[in-house]
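Just so it is clear, none of the values below were taken in a lab; they were calculated from the coordinates. Just so it is clear, the model here is predicted, and its values are computed rather than measured. No Cβ is skipped: glycine too gets one built from the backbone with ideal geometry, and neighbour counts run over all protein chains shown.
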Amino acid sequence: MIADTAIISPKARLGRNVRVGPFTIIHDNVEIADNTSIGSHCEIGIESELSDKSPLQIGSDSLIRSHSVFYESSTFGKNLVTGHSVLVRENTHAGIGLQIGSMGDFQGHCSIGDHVKTQSNVFIAQGSVLKNYIWLLPYTVLTNDPHPPSDVVKGVILEDFVVIAAMSVVLPGVTVAKGVLVGANSTVRDNPEKDTVVVGSPAKTICKTNKIKLKDGSDLPAYPWRRHFHRGYPEEVVKEWLNSVNDLDLNDYDIS
Amino acid sequence: MIADTAIISPKARLGRNVRVGPFTIIHDNVEIADNTSIGSHCEIGIESELSDKSPLQIGSDSLIRSHSVFYESSTFGKNLVTGHSVLVRENTHAGIGLQIGSMGDFQGHCSIGDHVKTQSNVFIAQGSVLKNYIWLLPYTVLTNDPHPPSDVVKGVILEDFVVIAAMSVVLPGVTVAKGVLVGANSTVRDNPEKDTVVVGSPAKTICKTNKIKLKDGSDLPAYPWRRHFHRGYPEEVVKEWLNSVNDLDLNDYDIS
Amino acid sequence: MIADTAIISPKARLGRNVRVGPFTIIHDNVEIADNTSIGSHCEIGIESELSDKSPLQIGSDSLIRSHSVFYESSTFGKNLVTGHSVLVRENTHAGIGLQIGSMGDFQGHCSIGDHVKTQSNVFIAQGSVLKNYIWLLPYTVLTNDPHPPSDVVKGVILEDFVVIAAMSVVLPGVTVAKGVLVGANSTVRDNPEKDTVVVGSPAKTICKTNKIKLKDGSDLPAYPWRRHFHRGYPEEVVKEWLNSVNDLDLNDYDIS
């Protein structure tokens, strides 16, 4: 379960069935819950001058892939899954089911809800607030400095069910409302309205999200996606979604 | 040839003159052909639930640089060269002479021809098809989901001799025709026509590629590049190019 | 100070109080000055066919974080600080106080002045020239090939005090004048004028930088930033800035 070449601090607290790969380092100030696997070549629980000295806590049934780096004083609910070579700095606080794509770079001092999924190479600046059920596609960048360099931090707020397509930037201080879809390679400067599609630099509103049709032959609306896409979410979450989506159908989504 | 600290499965099949750097792990389901070098801190042949359980095959005379990660069930012809910290998932099938720039992220389930060259930090989504003699410059992103998140996969197709400049995104399902040049920081939504330059978000056609002049003092057309740029390609490939380019000169390239 | 599992060439020259983390490799052709720390899982001083065989020189009081890779024949003044997983190729020559954000990718054969700070995932092509006091925000890309692929190298020149916001590309051969601010997700094709803000693809001039106001409640001009932002710079540098900024205030910055 623990590779011979791993270096585990005797002060680190590891639960039952925790696996640790070769050449991985686990520092003192770390708590890893049951059934979690850490890949090879990782460094877990790095000390930081910017931390509050609380332990790094990794929830149960998690998977951290190889070459990843986590600092102390961050907390993750169960079922954290990461790609390879991710970096997570201190004071990142996330709920359950967080997915961090390979080469993701979370700068810490940020708040993340439940079931947030980021794909490869996503950058989360300090001060960001991500609510629940969010999708960030490859090379999404959340910024925080309105006039760099400065000490002013205006983090981005992403509400529930926000989807940001590849290679888009959200500018400092922007709030992206519930259910918004940001098109690829966009620059979000103005706060988009709920359930709209915004595209471009600066991003402009194109339509309501429910105008986009599924390309699976059904011609049904592709959004809100929680109506039809459930892979990887717990049953109780899906049940709750379906109830709320039905309400939405009758009210917010009819824009004829 | 094999570093003392490398961990090599006795089931892995290594050819003659294979070198393996310190702290590198080679798993069971791996075949590495003669004269190939693997750098330090790599993990090669990771098992995957999404694979068909066939071995990872690395061709002869290849070079995989440090901190790279390869999954099982991918195949590469001879003369694979990678930068550092590349990630290649399962079911990536590539011909000879593939070059993957540092921090490249190949998500697997894709098909790559001969002599494809990607520079740093290129992202290849599942379902992508890359033909031959392609150049992807830094931070090129090939996407695949037309309405994320979904289970619909519309991979991008890149025909022979496509060049994509830095920081461009190709949207799901797009086919980029032979010899197209995509300008930097573009978003390719519509299928570009053969031997055209497209730029912008969404990318618009600017001109035929042969309107761009070489900035080497010669004032000759910079495209088709295979007429003058041969560094790193085998002699027989260059010979074939020159024959076909001469034909092209008389036919497709005269747009006066 | 030197981890048991580190592999240090007996030919490498390490100063006093040099620390080396676990699983790090230091090759022959390396000189590391006093009080410098190298994190875990690094590879330092890789040989290169493209180098002039001079040693890699790391200045005193530097910090190289984990999973980083440096080639031979590059030189850095004191107080180099890097994030994790940075890559620096041969013939990179930098002054004092260089900061390289995590996953930064410096392709070598470039020249960097004093107190240059790059954030995460910045790409510096060969032939780039960066003067002093520059800030490159996440995912900045400096290119060099005007018609890829080719052997023509037209590096970018960034003058003192240039700031480039997230996800911007500077095209080959561009000179960015002193004090320019490039907005996020821009493509810089034309040479911007001194102390201007340029935004878009291609980037257009919006205003002088001093038209941007601080969002700290003061409503003072946010630029030139050296008037008010001094964190992390030596006292003598700040003193020099303040003198020159006062001159600028009376002359160049009054555009009423």
Open item on the list: Show me, for the range B:116-126, the HN-Hα J-couplings you get by feeding each phi into the Karplus relation (A = 6.51, B = -1.76, C = 1.60, θ = phi - 60°), rounded to Hz, glycine and proline as x.
Closed with: 8, 10, 10, 8, 4, 6, 8, 10, 10, 6, 4
- [ ] Compute the label zone of residue B:11 within the range B:75-90: residues whose backbone N is under 19 Å from the point 7 Å along Cα-to-Cβ.
- [x] B:75, B:90
Task: Considering only chain A, percent of DSSP beta bridges that pair antiparallel, nearest 5 - done: 10 percent
- [ ] Holding the Cα-Cα limit at 29 Å, pick out from C:154/C:239; A:11/A:78; A:204/C:213; B:213/B:239; A:194/B:131 the pairs that are longer than that.
- [x] C:154/C:239; A:194/B:131
Task: Cut-off under 5 Å, modelled amide H: who pairs with residue A:100 long-range - done: A:81, A:82, A:83, A:118
Open item on the list: Is there a quick way to get the dipole size of the range A:7-212? I mean about its Cα centre, with the Cβ of Lys and Arg at +1 and of Asp and Glu at -1; what is the value in debye to the nearest 20?
Closed with: 620 debye
Task: residue A:213 long-range amide H proximity, modeled H, under 5 Å - done: A:222
Task: Neighbour count of at most 16 Cβ within 10 Å plus DSSP loop: longest GluC sites (Glu not before Pro)-free window in chain A - done: A:50-192
Open item on the list: For the protein assembly as shown, give me the percentage of DSSP beta bridges that are antiparallel, rounded to the nearest 5 percent.
Closed with: 10 percent
Open item on the list: What is the distance in Å between the Cα centroid of the range C:57-105 and that of the range C:168-190?
Closed with: 24 Å
Task: Estimated translational D of chain C in µm²/s (Stokes, Kirkwood radius over Cα pairs; 4 °C; 1.567 mPa s) - done: 68 µm²/s
Task: Per-residue HN-Hα couplings for the range B:143-152 [Karplus 6.51, -1.76, 1.60; θ = phi - 60°; Hz; x = Gly/Pro] - done: 9, 8, 10, x, 8, x, x, 7, 9, 7
Open item on the list: What do you get for the angle between helix A:235-250 and the principal long axis of chain A? Use alpha-carbon atoms, 0 to 90 degrees, nearest ten.
Closed with: 20 degrees
Open item on the list: Under the rule a/c < 1.5 gives rounded, and otherwise a/b versus b/c splits prolate from oblate, where does the protein assembly as shown land using the Cα gyration tensor?
Closed with: rounded
Open item on the list: Taking 41 Å as R0, compute the FRET efficiency from the Cβ-Cβ separation of residue B:151 and residue C:34 and round it to 0.05.
Closed with: 0.10
TODO: For the range A:127-183, report the translational diffusion coefficient in µm²/s to the nearest whole number, using Stokes-Einstein at 25 °C, 0.890 mPa s, and a Kirkwood Rh over Cα pairs.
DONE: 216 µm²/s
Task: Radius, Kirkwood style, for the range A:75-171 when every pair of distinct Cα atoms is counted (Å) - done: 12.9 Å
TODO: Identify which of A:238, A:162, A:86 has the largest mean-square fluctuation in a Gaussian network model of chain A, with springs joining Cα atoms closer than 10 Å.
DONE: A:238
Open item on the list: Cross-link candidates for residue B:178: which aspartates and glutamates have Cα within less than 17 Å, leaving aside residues fewer than 8 places away along the same chain?
Closed with: B:114, B:159, B:160, B:190, B:193, B:195, B:240, B:247, B:249, B:252, B:254
Open item on the list: Spelling out what I want: for every residue of the range B:193-200, take phi, set θ = phi - 60°, compute 6.51 cos²θ - 1.76 cosθ + 1.60 (Karplus), and round to whole Hz; glycine and proline get x.
Closed with: 7, 3, 6, 10, 9, 10, 8, x
- [ ] Quick one: order A:89, A:226 by neighbouring beta-carbon count within 10 Å, fewest to most.
- [x] A:226, A:89
Task: Under-5 Å amide H pairs with residue C:25, H placed in peptide plane, nonlocal only - done: C:7, C:42, C:43, C:44
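With both bridge residues required to lie in the range C:133-233, what share of the DSSP beta bridges run antiparallel, to the nearest 5%?
On the way: 5 of 17 bridges.
Approximately 30 percent, going by the DSSP bridge assignments.
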- [ ] Considering only C:115, C:230, C:67, give the residue with the highest GNM mean-square fluctuation for chain C, with springs between Cα atoms whenever their separation is below 10 Å.
- [x] C:230
Open item on the list: Output needed: percent of Cα pairs per 10 Å distance bin for the range B:12-107, bins running from 0 to the one holding the longest distance.
Closed with: 19, 60, 20, 0
